[in-house]
Amino acid sequence: MSAKLILSVTLAVSCILGCWCEFVPTSDKTYYASTEALNWTDAKNACASQGLELVSILNENEKSQLESFLRSNKLVPSDKWSGYWTSGIRYPNGTFIWVSTGTQVGERGHSWLLGEPNHSSSRENCIELKYFLRHIGWNDYFCDEARRYLCQVSRKEVQHGQELDDYSFLSKEDSIKTILRLSY
């Protein structure tokens, strides 16, 4: 059996048995949208606990497929303030990386919303996917804020990024400590 079929059956059985089911039921077997809102680190872990990864968008074709998934399942955020976590984070050196692939954001397919990334308050270290002015795009946002999230079936054809031992630099407190440490 294919990995996608096994994963779909596992998720369906979990829901049928009354276990905690975190995804909106759709017929799609690549993307999964959460029903709950979590901070970025917890969202990453929730995807991993189901054998999935936070979504990454490596090119315009993937962006179109994801936008089609959101529209066809009526999952497009209803206002400009709502978004979904993706696997994108700002590394301590300032570079945005898709954690799931190790690919630099913008290397293949660039889709920041107007005025983004703006690194507001020097704490916006995670990328959320938002829908604004009839288009989906990326926004840097505070990692410790709760957002719904998008998972995808783990990529087989792409080299995966190396996991970091510590993601604490994404949190509010550690960002403030870093700012204070750098200012003295």
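If contacts are Cα pairs under 8 angstrom and at least 6 residues apart, what is the relative contact order of the stretch 21-163 in percent?
Across the stretch 21-163, relative contact order equals 35 percent.
How would the stretch 57-142 be classified by its alpha-carbon gyration tensor: rounded, prolate or oblate, with rounded meaning a/c under 1.5 and the a/b versus b/c comparison settling the rest?
Taking the square roots of the gyration eigenvalues as a ≥ b ≥ c, the stretch 57-142 is oblate.
What does the extension gain come out to for residue 155 and residue 73, with contour length at 0.36 nm per residue minus their alpha carbon separation? Please list the in-between numbers first.
Details: separation 82, 0.36 × 82 = 29.52 nm, distance 2.23 nm.
Additional length available on full extension: 27.3 nm.
At residue 59 and residue 133, where each label point lies 7 Å from the Cα along Cα→Cβ, what is the point-to-point distance in nanometres?
Simple spin-label model gives 2.7 nm for this pair.
For residue 114 and residue 30, what does the FRET efficiency come to when R0 = 41 Å and r is the distance between their Cβ atoms, rounded to the nearest 0.05? Don't skip to the answer; put the middle values down first.
On the way: r = 28 Å, r/R0 = 0.69.
The value I calculate is 0.90.
Could you work out how far apart the two model spin labels at residue 45 and residue 93 are, taking each label as a point 7 Å from the Cα in the direction of the beta carbon, and quote it in nm?
2.8 nm
All of the numbers you see were taken from the coordinates with simple rules; none came from a lab. Fair warning: this is a prediction, and the values are worked out from it, not measured in the lab. All Cβ positions, even for glycine, are placed from backbone atoms using ideal geometry, and neighbour counts span all protein chains on display.
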